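The values are calculated or read from the model by the stated rules, or taken from the named source; none is laboratory data. What you see is a predicted model; the values in this text were computed from it and never measured. Here Cβ is always computed from backbone atoms with ideal geometry, including for glycine, and neighbour counts include all displayed protein chains. Ligands, DNA and RNA are stripped out before the accessible areas are found, and what is left, the full protein with its side chains, is counted by its heavy atoms. Shrake-Rupley method; radii C 1.70, N 1.55, O 1.52, S 1.80 Å.
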Amino acid sequence: VVGLCVAVPLLASALVLEPSPASVADARRWVERFLQSAGVPEPCIDDAVLIVSELASNAIRHGTGDVVCHAVLLDHGRCCISVLDGGTGQPQIVQRSVEDVGGLGLVIVEQLAVQWGIAEFQGGKAVFAVVPTAAAAPDPQ
């Protein structure tokens, strides 16, 4: 999975989830603990937790088989979060109206991540997102 994000890996963790909606909470707790143990600031952790929640939810809802989450701390203050499943469908950002409930997961990922994408492999796919692990500097205004 590190190959999805071209950088030097510094620290990594993985979690296998059962394909059940209740497992999404496990993914959130796992990525939160991983990033806390690495000293990542809370605002960055919050973004990563939301991203892994959206990606794991999509994988469980639309994929097949077990879901595998990876988090890799990279050089240059970034973390690559990826979620793998056995499904072959391509996740897509769907235009939604403000009245719609749900279906905004990838919109959220696109807004929070500095990069995101999909990598297909034999037997499934990985959806990944790269997030900053350093808090942004305050605006000098």
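Computed quantities for the displayed model
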| quantity | calculated |
| --- | --- |
| Size of electric dipole in the range 1-87: Cβ of Lys, Arg +1 and of Asp, Glu -1, about Cα centre, debye, nearest 20 | 60 debye |
| Computed accessible area, GLU18, all protein chains, 1.4 angstrom probe, square angstrom | 130 Å² |
| Computed lengthening from ASP46 to ALA12, 0.36 nm per intervening residue step minus Cα-Cα distance | 10.4 nm |
| Local electrostatic count, ALA129, Cβ distance below 11 Å [Lys/Arg +1, Asp/Glu -1] | -2 |
| Nonlocal amide H pairs with ARG78, under 5 Å, H built at 1.01 Å | THR133 |
| Accessible area (Å², 1.4 Å probe, nearest 10) - CYS69 | 0 Å² |
| Proximal charge balance of GLY87 [Cβ under 13 Å; K/R count +1, D/E count -1] | -1 |
